[in-house]
Amino acid sequence: MTRIRINSSAALWAVTAAVALLATAGCASRGGSGGSQPAAAPAAAPAAPARGGARAGIDAQGNVVDSSKVEAGSGRTVKGLNGYEGEITGNPARNSRFTRLQIGMSARQVTDLAGPPTDQGAYVTGKAFIPFYFGSDRHRYEMTYKGQGRLVFAGGGMGDYSSGNLIWIIHNPSESGYR
């Protein structure tokens with residue numbers, strides 16, 4: 001029986017070189033460098049908004065009707081505390097506790113002002129699957145308040161899913177309070 005020894009650093013170098021070659025070949029095939037390939041067709045127009053100009057989960061007046069269907073980018077972008085950028089979607093309910101909140105607040109500051117949430121939970125984002133990515137926004141933490149809306153936090157430490165900074169306020173007076 002013949003034993004084959006694989007030099008792990010040489011194998012890693014070979015894989016890296018193959019990926020680099022495939023990446024440059026992909027750029028060339030898209031018209032990125034050289035080649036006499038025809039120009040790519042123009043991109044398709046974005047999908048039309050749902051229900052007469054309203055976006056998913058939002059009615060024509062800008063009120064959120066279904067918090068679970070609201071997409072990022074459907075609200076207004078604002079600058080908050082310590083330079084944090086975030087989004088505010090929908091119109092606040094009468095006597096809303098969310099009007100005192102600011103983008104960039106910590107989860108603790110938010111619960112001190114808005115009180116305890118009806119429901120809460122955490123989920124990972126696509127950045128969690130990037131190898132050797134140690135930046136923020138690897139996970140999100142969401143608090144739901146009945147009759148108020150939802151608050152979404154980004155960041156926090158590794159394994160600490162109950163902290164982070166407020167990045168999205170979703171005003172929804174008809175919020176059920178459960179995720």
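The values are calculated or read from the model by the stated rules, or taken from the named source; none is laboratory data. The structure displayed is predicted, hence computed values, not measured ones. Counting neighbours? That spans all protein chains shown, and the Cβs are built from the backbone with ideal geometry, glycine included. Each accessible area value is taken on the protein alone, full model and side chains, heavy atoms only, with ligands, DNA and RNA left out. Shrake-Rupley method; radii C 1.70, N 1.55, O 1.52, S 1.80 Å.
Residues satisfying the criterion are present in region 61-73 (criterion: within 23 Å of the chain's Cα centre (by Cα), assigned to a helix (DSSP H, G or I), modelled with pLDDT of 80 or more and charged (D, E, K, R)). Applying the criterion of being assigned to a helix (DSSP H, G or I) and not hydroxyl-bearing (Ser, Thr, Tyr) to the residues of region 92-107, the residue that is nearest to Leu166 (Cα to Cα) is Ala107. Pairs are defined by a Cβ separation below 8 Å, a sequence spacing of at least 6 or placement on different chains, a first member in region 72-98 that is closer than 19 Å to Ala60 by Cα and open to solvent by 50 Å² or more (accessible area, probe 1.4 Å), and a second member that is assigned to a loop (DSSP other than H, G, I, E, B) and at pLDDT below 85; the pairs so defined are Asn91/Gln61; Asn91/Gly62; Asn91/Asn63. So, Gly104, is that one within 18 Å of the chain's Cα centre (by Cα), among the small types (Gly, Ala, Ser) and open to solvent by less than 30 Å² (accessible area, probe 1.4 Å) or not? Spelling it out, Gly104 is indeed within 18 Å of the chain's Cα centre (by Cα), among the small types (Gly, Ala, Ser) and open to solvent by less than 30 Å² (accessible area, probe 1.4 Å). Might you check whether a residue that is at pLDDT 80 or above and within 30 Å of the chain's Cα centre (by Cα) occurs anywhere in region 5-17? Scanning region 5-17 turns up no residue that is at pLDDT 80 or above and within 30 Å of the chain's Cα centre (by Cα).
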